[in-house]
Every structure is written in C-alpha cells, then in structure tokens.
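First the structure, in the form of structure tokens, and then the observations on it.
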Amino acid sequence: MELMQAKMPLRGEVKIPGDKSISHRAVMFGALADGTTRVTNFLQGADCLSTISCFRKLGIDIENTQEEIRIHGKGLHGLTAPTEILDTGNSGTTTRLISGILAGQNFTTTLTGDASIQSRPMGRIIKPLSMMGATVESLKENQCAPLQIQGHPLTAIHYQSPVASAQVKSCILLAGLYADGVTSVTEPYLSRNHTELMLSHFGAQVTSEGTTASIAPDPELHGLDISVPGDISSAAYFIVAALLVPGSEVLIKDVGINPTRDGILRVCKAMGADITLLNERTAAGEPVADLLVRHSELHGTVIEGELIPTLIDEIPVLAVLAAYADGTTVIRNAEELKVKESNRLDIMVNSLGAMGCDIEGTDDGMIIRGGKPLHHASIDSHLDHRIAMSFAVAGLVSEGGVEVLRADCVDISYPEFYADLGKLMK
Ligand code: S3P
C-alpha cells in the first residue's frame, strides 16, 4: 500500500477502537464468571476474535452482535475439554493468558498459533506453571508453541519474574485461581495491571503492592457489564501523526490512560509535545480521557527503566517521532522488543535506516539522531501490525511518502486504521 505525504494538516476527531488487552480479558474472565458478561466497544480485531474462538471451543457460548459481546460464563470450573487444537492466531496475550487458565483444568489441551506465535518464547510461562504443578510441554521441544497443557490441582507459588511482562504475570495469577493458597508474582518493573483491576471487579481477591500482585484462589466471579476504553496503543499513531504534521490539531476520544499504559504521554510531553487531557473520567475501573494533540516542535529524550513496560508497544512509533525530533533520543532496557510479533528492534533500525534516518541499534534499544528529513522507501511490515502503522505515520512526513508492504496486518489490532487516518487528512 502506497501511503502519501500529508500535504495538509491533520484535523478533526477520531474515536479509536477498544483496548486490545482489556477486550481479551473481558472475554476470558467473563467465561470464568457465573452469568452473562456484556462488553461494549470490544475490539473486533483478529487477536481478540482468536480469544473468542478459543473460549467457544472450551464450551462457552459467546454472542458477537458487533454492537456488543455477550459471554455466557459457566463459572470457574465450567470449561469443557475442546475436541480440537486451540488456535491463538497471532496473539501472545491469548496464548499466555489462556495457558494459565488451562493449567488449572482437569483435562488436557493443545494450543498453537501462526508462525510468529510459534517462534515466541513460552519458556517464561512453562517454568512457573510447571512449578505450580501443571504439565506443559513444548511439542517441538523449543520452548515455543505448539504447547500441550495437562491441567492439575495447582500449588500456590511466589514467583519472581525475570521480565516485566503483564502476559507472564496474568498467566500466573489466572493459574492462581486454581491453586491451594495465595499466589503472587513480583516483576522487576510494574507492567500493565488490567488483569488485577478487572479480576477484582469480577469478584476475585487481588492485591497489589509495588511490583507484586497476589491472588486468593477459588473466588466466585460474577458476570459484569464492561465498556472498554479506547486503546492508547492505537491512539499512539494519531498522537505521533498530529505532533509531526505541521498545522495539525486532532481530538482523540475516550482513550484509556491507565498509568501502567500512559508512558507515551509522559515521553511526548518530555519531548515538548502539546497534548491536553480533557474530560478525564473512569470507565470499568480504568481512567479515560480525550486527548487534544497539536503539532509541536520536539527534541530528543531518554526512554528507559520503569517507563519501558508503560509504552512497550508504542516504541516503534516513538522511534518514528524521535527520527523527526531535534537532537538525540536514546532507548534502553527495551530488549523485550526482540520477542514481540516481530523483532521490532531490528526492524525499526533497518527500516528507519532505509529512509535515511541516523539510527543505531544497541543490545537493548537504539540511538536515534533525529531532525533530518527522511525519504521514500518500501517497508515490509513483516506481518507486524505495529510496524505497518508506524511506517504509515512515517510516510505522512517523509519526502515522497512510504510504501508499506503487507499492510493489511493492521487487522490484528485496528482493522479501520487506514480509513480513520484518511478521514483526518480530508
Ligand atoms: C499485553 C502485554 C504486553 C504487550 C501486549 C499485550 C497484555 O506484553 O506487549 O501487546 O495484554 O497483557 P508483555 O506483557 O509480555 O510485555
């Protein structure tokens, strides 16, 4: 797909789709609750549809009217053995969170996903789930999917996670629902806490202290009505586009601004961005606001440490922003980017380099010497939705635009992305 330069400022309002992380969890926890859970503003992206499909195979009746999702939960012990392999598609969240649930069942499940999922590290969940007493086998013996998970009565553990990962933390907390005592996870930095917030709303006893989250077993979970906030990770492309295209002013509506997810706002402000939060409120226990973003002159910054998990999925598009900011931006402690849907570190360094950016990869991040014009290039998405959207934004301000190859992968998290971007360019 050829994406042209924005010759005019971006103007208007955009309402971005529901949060991917929250949409997944609404389906999963709704399945484990008694009664019906109704979800509005659910993200109808391929990843969340994979979660729905897996839970249907586990015996849960889920209606998808497009307007809302209705999950007819069967309680903590109501899942039934699937008759076929569960396909988690491209979704790491589905794969890792469902594994925690499956570890506590009295049946065996096999699950797998696409080529990307089959190369992503699952040792990080195999280890703690095995410590809890589940039998989790990587069928190709490479610590990746396909996984065969034999559920067992589980033993509560305290797990010191080597990575700040909400997927790992959530996997263990979900297994903890089926354990014989309080299960807890400590991570090096706090990762997104949607599992803790939403499970509490469903009726679980979850406590958080610093970077440790704990859960008591065997709660009674009750169906809920959930209105999913807009995904700040999807809003990120419009934030960066509006900051970069001269004269732009864009209102991004109903965006989730949970402090474990809002690192992009903090970084943009540190770079000199003009972003105003309007209409701040709470929805389903999650803070929400409208974001008014205006074109700004930006300068480089340092992105590292505890900030990293709060903006982990936004680093590709922040690298684009940094390429246009004056001075140097240094990104450190971001080695997790190598094991996302693609190796986002290598791809960003090579692809921004192909556009003429002065960028250097490091072991755990990158150094970007920004402020020079970038030129046209053909960039492969590597079937990674966030790479495709980041380069669509880069194309708005590069000389001659950008051609994004295999651009349709935005379906994973934002099927209407190109249409919504187009509306702001009219
Ligand atoms: C997610 C957690 C993050 C993030 C992913 C969604 C979640 O992964 O990159 O897109 O919903 O829990 P890690 O927690 O493994 O970093």
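Would it be correct to say that Ile303 is touching a Ser or Thr at 6+ places or on another chain (Cβ under 8 Å) and of a type in the set (A, V, I, L, M, F, W, C)?
On the way: touching a Ser or Thr at 6+ places or on another chain (Cβ under 8 Å): yes; of a type in the set (A, V, I, L, M, F, W, C): yes.
Yes, satisfied.
Taken over the range 18-40, the criterion of being within 11 Å of the ligand (Cβ to nearest atom) and either free of Cβ contacts under 8 Å to residues at least 60 places away in the same chain or of a type in the set (Val, Ile, Thr) (or both) is satisfied by Ile22 alone. For Gly133, state whether it is open to solvent by 40 Å² or more (accessible area, probe 1.4 Å) and on the phi > 0 side of the Ramachandran plot. Taking the combined requirement at face value, the residue does not satisfy it. Report, by residue number, each residue of the range 141-197 that is open to solvent by less than 10 Å² (accessible area, probe 1.4 Å), more than 15 Å from the ligand (Cβ to nearest atom) and hydroxyl-bearing (Ser, Thr, Tyr). Across the range 141-197, the qualifying residue is only Thr183.
Of the residues Ile379, Ile387, Ile359, Ile367, the single one that is part of a helix (DSSP H, G or I) and either surrounded by 21 or more Cβ atoms within 10 Å (Cβ to Cβ) or not acidic (Asp, Glu) (or both) is Ile387.
Being farther than 22 Å from Thr183 by Cβ, in the same structural domain as Val163 (by TED's automatic domain parsing) and among the polar types (S, T, N, Q): is that true of Gln105 here?
No; evaluated as a whole, the condition is false for this residue.
The conditions of being closer than 27 Å to Asp313 by Cβ and crowded, with 24+ Cβ neighbours inside 10 Å are met by Ile98. Only one of the listed residues (Ser296, Ser234) is of a type in the set (S, T, N, Q) and surrounded by 24 or more Cβ atoms within 10 Å (Cβ to Cβ). That residue is Ser234. The one condition from (1) closer than 24 Å to Leu76 by Cα; (2) within 16 Å of the ligand (Cβ to nearest atom); (3) crowded, with 22+ Cβ neighbours inside 10 Å that Gly113 does not meet is (1). Of everything listed in (1) farther than 23 Å from Pro17 by Cβ; (2) touching a residue at least 60 places away in the same chain (Cβ under 8 Å), the single unmet condition for Pro373 is (2).
Residues of the range 15-52 that are under 22 Å from the mean Cα position of the chain (by Cα), farther than 16 Å from Gly92 by Cβ and open to solvent by 10 Å² or more (accessible area, probe 1.4 Å): Lys15, Pro17, Arg38, Thr40, Asn41, Phe42, Gln44.
Taken over the range 393-426, the criterion of being part of a helix (DSSP H, G or I) and farther than 20 Å from Gly230 by Cα is satisfied by Ala394, Gly395, Leu396, Val397, Ala407, Asp408. Consider Arg406 carefully, then state whether it is in the same structural domain as Val320 (by TED's automatic domain parsing), buried (at least 16 other Cβ atoms within 10 Å of the Cβ) and basic (Lys, Arg). Taking the combined requirement at face value, the residue does not satisfy it.
Within the range 333-366, can you find the residues that are over 22 Å from Ser116 (Cβ atoms) and within 16 Å of the ligand (Cβ to nearest atom)? Scanning the range 333-366 gives a single hit, Asn333. Give me the pairs, please: first residue somewhere in the range 335-361 and over 24 Å from Gly92 (Cβ atoms) and in the same structural domain as Ile315 (by TED's automatic domain parsing), second residue anywhere and in a strand (DSSP E or B) and within 12 Å of the ligand (Cβ to nearest atom), beta-carbon distance under 6 Å, and either six or more positions apart or on two chains. Taking only residues 6 or more apart or on different chains, not a single pair turns up.
The residues in the range 237-250 that are in a loop (DSSP other than H, G, I, E, B) and open to solvent by less than 10 Å² (accessible area, probe 1.4 Å) can be counted, and the count is 2.
The values are calculated or read from the model by the stated rules, or taken from the named source; none is laboratory data. Predicted model, so just to flag it, every value in this text is computed and none were measured. In this analysis, Cβ positions are derived from the backbone assuming ideal geometry, glycine residues included, and neighbour counts consider all displayed protein chains. Just the protein is used for accessible areas: all its heavy atoms, side chains included, with ligands, DNA and RNA removed. Shrake-Rupley method; radii C 1.70, N 1.55, O 1.52, S 1.80 Å.
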